[in-house]
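Before any comments, here is the structure.
Every number here is computed from the coordinates shown, using simple stated rules; none is lab data. All figures in this text were calculated on a predicted structure; none of them were measured in a lab. Note: ideal-geometry Cβ built from the backbone for every residue, glycine included; neighbour counts use all protein chains shown.
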Amino acid sequence: MPALAQKNSEATRALAAQEDILEKELKEIQKVLLAMQEQQKKQLELILAIAKSGKLFEEKRKLCREKDTVEACKSTEEEKQMEVHQSQPLGSARGSNKA
């Protein structure tokens, strides 16, 4: 019996030592996983910031294009009005010559 008790005691000590080792490894793995999670969070924040910046840039470009289109339309309208105003005196002068 004493031999069996000694074997049990040795097995218990070996299991306790193994438990300590496994707990330490588990803590290290948890630290690594937490660090990876933090890194992923930072990467996601960076990706979102870049996407937001790109979206703002695209919106600004779109607004500029729309503004350019409006300006071009205004410019074209002003040119048409100038042509109408310039052609009216000529037209009325022609009309008075014919009459």
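Starting at the first residue of the stretch 28-38, write each ³J(HN,Hα) from the Karplus equation 6.51 cos²θ - 1.76 cosθ + 1.60 with θ = phi - 60°, in whole Hz, x for Gly and Pro.
5, 5, 4, 4, 5, 4, 5, 5, 5, 5, 4
Considering only the other residues whose Cβ falls under 11 Å of the Cβ of GLY54, what net charge follows from Lys and Arg at +1 and Asp and Glu at -1?
So the environment of GLY54 carries a net charge of +2.
About the Cα centre of the stretch 1-78, how large is the charge dipole given +1 on each Lys and Arg Cβ and -1 on each Asp and Glu Cβ? Please answer in debye to the nearest 20.
Around 40 debye, computed over the stretch 1-78.
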